[in-house]
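Heads up: the structure comes next, in structure tokens.
Nothing in this text is a laboratory measurement; each read-out follows from the coordinates by a stated rule. Quantities reported herein were computed from a predicted structural model and do not represent experimental measurements. When we count neighbours, we look across all protein chains shown, and the Cβ atoms used for this are built from the backbone with ideal geometry, even at glycine.
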Amino acid sequence: MAATSKILYASEPTLDVAEFRRVLVESGLGESRPVDDEARLKAMLGNANLVLTARLDVGGKPLVGVARGVTDFSWACYICELAVSASAQGLGIGKGLMDEARRQLGSSVAISLISMPNAVGFYERIGMNRLADAFWFGRKS
């Protein structure tokens, strides 16, 4: 993919489940998400109130990145996924999606997420601070 391709960032609350699944798989996040459970993916999208996309500005406008989150639009936002297709990684799309989230949420909303181990350096490079005091109840399935 050419680094000169223009990227279009947008809010897409009705993002197609198949496109979402494809980017999860292509990004590597498919290994830790229920990509073979379409109903659950649909619920994940339908219950998120922040779905941001990155699309190439070429014919068909292919999806290359997604940020999905839940927020009160006032105090806090949790980013559930930040996924960029492997073919588009390294082009600034992950940072662009996080910048778009910050723009849409405004400076009074804090953003948190749980990083995959191989992405920690990315979040540090874009200026996110590590939290030592986060807690987690794991899911059963």
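Observations on the structure shown:
- 222 nm mean residue ellipticity, helices alone, for the chain (DSSP H n ≥ 4; -39,500 (n - 2.57); rounded to 500): -8500 deg cm²/dmol
- Using R0 = 41 Å, the C-beta based FRET efficiency linking residue 133 and residue 42 works out to 0.75.
- When you filter the chymotrypsin sites (Phe, Trp or Tyr not before Pro) in the range 1-92 for DSSP loop state and at most 10 other Cβ atoms inside 10 Å of their Cβ, you are left with 75.
- Size of electric dipole in the range 7-125: Cβ of Lys, Arg +1 and of Asp, Glu -1, about Cα centre, debye, nearest 20: 180
- Loop chymotrypsin sites (Phe, Trp or Tyr not before Pro), the range 112-141, which have at most 11 other Cβ atoms in a 10 Å radius of their Cβ (DSSP): 135, 136, 137
- Within the set (i) 14.6, 45; (ii) 16.7, 52; (iii) 23.8, 73, the number that Rg and Dmax of the Cα atoms in Å takes when calculated for this structure is listed as (i).
- Using the Stokes-Einstein relation with a Kirkwood hydrodynamic radius computed over Cα pairs, the translational diffusion coefficient of the range 20-66 at 4 °C and a viscosity of 1.567 mPa s comes to 113 µm²/s.
- Summary of packing: across the peptides 61-72, 110-121, 94-105, the per-residue average of other C-beta atoms within 10 Å ranks them, highest first, as 61-72, 94-105, 110-121.
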